[in-house]
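Data first, discussion second: the structure below is written as structure tokens.
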Amino acid sequence: MKRVLLDVISVGVFITGFLTVLNFLMVESWIDFPLVLVAINYLNLISHNNIHRKTLNNVTSMIIETLSNITGLSYHLFKLHHINHHKHFGTNGDWSNITTNQFHRYLPGFITNAYRNTIFNKLVQRDLVLILIFILINPIKMIMLSIITQVAICNANFQHHKDNMTFDEIGMEYGLFGFNIGYHLTHHKYPNRHWSEYSNLSKHQRYKSGIIPYLFICGIWIKFNS
């Protein structure tokens, strides 16, 4: 019941975020730009969760698959790229494998691999048509949002995996309002579990699985007494 309620909330947040971005594209004003950045963040988080586990039901999952393209990133490109990342994590087969500790050098390869390996997929091409429609509404704003989204997702992957990170980033900013995205290693271990379960899974597995017992609070790493 808790997971159903959280999924209902997720769908509500997603629709609100979509309408926020759509309104931004349809007006000349830029006053809502900070709010749009928040909306884009939630659209990406919910889309990510929907890749591994349908949000609520088939209908709402399909709504998320379709409307998330307003971020300027193809949902199915993101899905194919992300599934590959989980399947081949840490190997040369991972399209997003990190081979440099400098983000500006990592970014071009991340974007190039994403498109090169998915562009001929029919679902990706359908998404690109939808994105083109959004671009026609407001070219400047939409292209800007597309760039921001793709750079943000690349940066998230880079931050999660640079320096062979071996612990979960656990903190308030990664909790309920961040859909537990900070439990990244736990997510890799249990990708099909509901995001609300990650805190318990991480707590139970932290010492057994080699996740270093650190807590991320307000930008400071604090070590537990083990």
**Request:** Find the Rg to Rh ratio for the stretch 1-116, where Rh is the Kirkwood radius over alpha-carbon pairs and Rg uses the same atoms.
**Result:** 1.03
**Asked** Where the centre of each part is set by its Cα atoms, how far does the stretch 29-77 sit from the stretch 87-117, in angstrom?
**Response** 22
**Message:** Under a crude label model (7 Å from the Cα following the beta-carbon direction), how far is ASN23 from ASN58 in nanometres?
**Reply:** 3.4
**Message:** Report the gain in length on full extension from ASN192 to ARG105: 0.36 nm times residue separation, minus Cα-Cα distance, nm rounded to one decimal.
**Reply:** 28.2 nm
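Read-outs throughout are calculated quantities, based only on the coordinates presented, and are distinct from any laboratory measurement. For clarity, every value in this text was computed on a predicted model and none was experimentally measured. So basically every Cβ, Gly included, is an ideal-geometry build from the backbone, and we count neighbours across all protein chains shown.
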